[in-house]
1. By accessible area of protein heavy atoms, probe 1.4 Å, what ranking do I103, I25 get, highest first?
2. Taking a probe of 1.4 angstrom, what is the accessible area of C175 in Å², to the nearest 10?
3. Let me have the relative contact order for the stretch 15-122, percent, based on Cα pairs under 8 Å that are six or more residues apart.
4. What pairs from K11/K213; K109/K212; K109/K168; K43/K168 go past 27 Å between their alpha carbons?
5. When ligands, DNA and RNA are left out and all protein chains stay put, how many square angstrom of accessible area per residue does the stretch 96-136 have with a 1.4 Å probe?
6. On the protein heavy atoms, probe 1.4 angstrom, tell me the percent of accessible surface of the stretch 1-155 carried by carbon and sulfur.
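The values are calculated or read from the model by the stated rules, or taken from the named source; none is laboratory data. Everything numeric here is computed off the predicted structure, so don't read it as measured data. These area figures cover heavy atoms from the full protein model, side chains too; ligands, DNA and RNA do not enter into them. Shrake-Rupley method; radii C 1.70, N 1.55, O 1.52, S 1.80 Å.
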Amino acid sequence: MQSIMEDISFKIIVADSSHKQFSSIIADEMENSAKARGTGIAKRSPAYLETKMEEGKAVIALTTEGVWAGFCYIEAWGHGKFVANSGLIVSPEFRKYGLARKIKREIFKLSRTKYPESKIFGLTTGAAVMKINSELGYIPVSYSDLTDDEEFWKGCRSCVNYEILMAKNRQNCLCTAMLYDPNAKRNHTEELALRDDFKKEIKLFDRWVRLKKYVMLKLNKSKDSITSIFL
Ligand SMILES: CC(C)(COP(=O)(O)OP(=O)(O)OC[C@H]1O[C@@H](n2cnc3c(N)ncnc32)[C@H](O)[C@@H]1OP(=O)(O)O)[C@@H](O)C(=O)NCCC(=O)NCCS
């Protein structure tokens with residue numbers, strides 16, 4: 001039997017002012033999805049998302065009928081030394097059909113065009129996002145390899161795990177840090193081994209997320225040992 005999704009095609013484009021009409025539905029879905037996952041997020045207002053659209057720093061997915069399907073935007077930190085592709089969201093009815101992968105590819109291309117010298121990073125607990133990032137050339141890194149821009153880290157305040165991040169002196173938390181470095185030497189043996197491991201299957205990412213959650217939450221309960229383990 002043919003699935004409904006096979007009949008739907010999407011346009012994935014750089015957002016502009018004409019897409020401001022979708023800002024509220026996107027902001028609401030970001031919040032609802034975070035609640036459903038039991039995580040916190042850097043809360044974004046519709047007005048903030050509209051700014052990203054006006055600046056040409058967002059990618060939006062729409063069905064050919066004009067129904068909103070997905071979104072992601074760019075944030076620059078540390079005077080543009082770092083760039084994050086943030087707020088990835090796919091409307092629940094269009095999930096698991098490869099849309100997030102397509103949106104991430106487009107926002108990655110847009111980031112490379114707008115900020116060719118910047119390192120691109122992400123912090124995520126999502127197995128899907130880890131997999132897509134690794135396909136794009138990101139590798140897992142420690143938090144000290146990310147931006148030290150205070151404004152970026154302020155975004156973590158609204159996360160349910162903020163206490164853990166602070167207890168670890170901002171060096172680790174439940175999220176996995178991943179980085180794309182345009183100037184990295186790609187033939188470094190250690191990096192390649194790490195990347196190969198991370199390129200395997202989605203099950204590997206799921207296991208990693210579960211293990212990290214288990215260890216970090218356990219550590220938070222026994223504060224004495226909280227500084228002694230680094231994943
Ligand atoms: C995470 C999210 C963006 C994925 O969107 P999607 O369009 O369903 O993802 P895709 O179909 O492109 O899937 C990409 C890969 O991830 C896998 N995947 C998708 N959702 C997954 C999930 N919840 N758990 C584990 N793997 C998942 C897919 O199987 C696919 O891997 P495969 O090619 O090996 O089969 C979407 O579920 C969402 O919007 N969630 C709420 C917001 C969120 O979590 N954003 C990420 C914040 S970092």
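1. Descending accessible area places them as I25, I103.
2. Accessible surface of C175 is approximately 40 Å².
3. Rounded, it is 23 percent for the stretch 15-122.
4. K11/K213; K109/K212; K109/K168
5. Roughly 47 Å² per residue, with all protein chains present.
6. Values: 3770 of 7510 Å².
Ligands and nucleic acids excluded, carbon and sulfur give 50 percent.
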